Amino acid sequence: MSEQQPNPYANDPAGQGGQPGTPGQGEYKWGPGEASYGYPQPYPAAPAYQPTIGGAGLPAPGYPAAAPAGGAGLSLGDITIAGDQIITPSGPMPLKGAMWNATDFSRTEEKIPPHAIVLAIVFFLFCLLGLLFLLMKEKTTTGYIQVTVTSGGRHHSTMIPATNAGTYQWVMSQVNYARSLSF
């Protein structure tokens, strides 16, 4: 019983612990090491294959260049596609592999305008055809369409005002074109 057991933590073969100040024995390094959340991330290397086309492990087919490098190919709000990059106020992103989303936050209301109500009352008193003015309808669209893009570890969102009922269809056609360029 008087035999003393060896300390299992005295020698650290993995180099994780040990005495502070001893080189290679878990020395604390001050300052940022690897990039972390909030710091610019290096872009990941593009895979040599596209798993969604023909299955994993097959080489990707060659695609022509998305747009000329000098001019803008597409612009949605403050998101611009130029060449093989997506340029946003939060910084450039790679076009290849970008994820695009659009969400409709607009609404269209239909109501009878006030002048139609006045005309219906006036013409109802003089002739019974005044009620036909109540068939006049006015459509107003309010709200916005949110477009988001995620690529290379970055994310950007923009709002596009909805001016009429066809704004969402126009934005979706532009987003689908941007998706086709992202392959």
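The values are calculated or read from the model by the stated rules, or taken from the named source; none is laboratory data. Computed from a prediction, not measured in an experiment: that's the story for all the values here. Glycine gets a Cβ as well: all are built from the backbone with ideal geometry, and neighbour counts include every protein chain shown. What goes into the accessible areas is simple: the full protein's heavy atoms, side chains included, and nothing from ligands, DNA or RNA. Shrake-Rupley method; radii C 1.70, N 1.55, O 1.52, S 1.80 Å.
Under the condition of being surrounded by fewer than 14 Cβ atoms within 10 Å (Cβ to Cβ) and free of Cβ contacts under 8 Å to residues at least 12 places away in the same chain, the residues counted in segment 116-131 number 9. Restricting segment 99-114 to residues that are without any contact (Cβ under 8 Å) to a residue 40 or more places away in the chain and open to solvent by 100 Å² or more (accessible area, probe 1.4 Å), the residue that is nearest to Thr158 (Cα to Cα) is Arg107.
From the list Leu74, Leu131, Leu119, the one residue that fits, being in contact with a helix residue (DSSP H, G or I) (Cβ under 7 Å, 6 or more places away or on another chain) and not in a helix (DSSP H, G or I), is Leu74. Checking each residue in segment 149-165 for being of a type in the set (S, T, N, Q), under 17 Å from Gln85 (Cα atoms) and open to solvent by 20 Å² or more (accessible area, probe 1.4 Å) picks out Thr150, Ser157. Looking across segment 134-167, the residues that are polar (S, T, N, Q) and assigned to a strand (DSSP E or B) come down to Thr140, Thr141, Thr142, Gln146, Thr148, Thr150, Ser151, Ser157, Thr158.
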